[in-house]
Amino acid sequence: MAQFNSEYIEHLKGLARTAAKSEDEDFEMEGIDMFAGGNIDDAYEAGRDDGEIFLARETLTQLGIEW
């Protein structure tokens, strides 16, 4: 298995610690419109950012690294 360098691990930890937009308590009721306001580019960006956050969390968890 490939080893990640420490800079990359720290990058993943930084992402993992970021609050995901979809975890906001109002997100369930208002959905993506609370962030995007009907702007498809903002909706895309929010989804992309959350995807990176969740992937970083899962990757670190699978590697047994606390974040």
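Please treat every number below as a calculation from the coordinates, not as lab data. None of these values were measured; they are calculated from a predicted model. Quick reminder, even Gly has a Cβ in these numbers, built from the backbone with ideal geometry, and neighbours come from all protein chains shown.
Scan region 14-33 for residues that are surrounded by fewer than 16 Cβ atoms within 10 Å (Cβ to Cβ), within 11 Å of the chain's Cα centre (by Cα) and not β-branched (Val, Ile, Thr) and jot them down. Once the filter is applied, which keeps residues that are surrounded by fewer than 16 Cβ atoms within 10 Å (Cβ to Cβ), within 11 Å of the chain's Cα centre (by Cα) and not β-branched (Val, Ile, Thr), region 14-33 yields GLY14, ARG17, ALA19, GLU23.
Of the listed requirements (1) more than 30 Å from SER6 (Cβ to Cβ); (2) not in a helix (DSSP H, G or I), MET29 misses just one: (2). When you scan region 34-46, do you find a residue that is touching a residue at least 24 places away in the same chain (Cβ under 8 Å), surrounded by 15 or more Cβ atoms within 10 Å (Cβ to Cβ), hydrophobic (A, V, I, L, M, F, W, C) and touching a Leu at 6+ places or on another chain (Cβ under 6 Å), even just one? Checking region 34-46: not a single residue is touching a residue at least 24 places away in the same chain (Cβ under 8 Å), surrounded by 15 or more Cβ atoms within 10 Å (Cβ to Cβ), hydrophobic (A, V, I, L, M, F, W, C) and touching a Leu at 6+ places or on another chain (Cβ under 6 Å).
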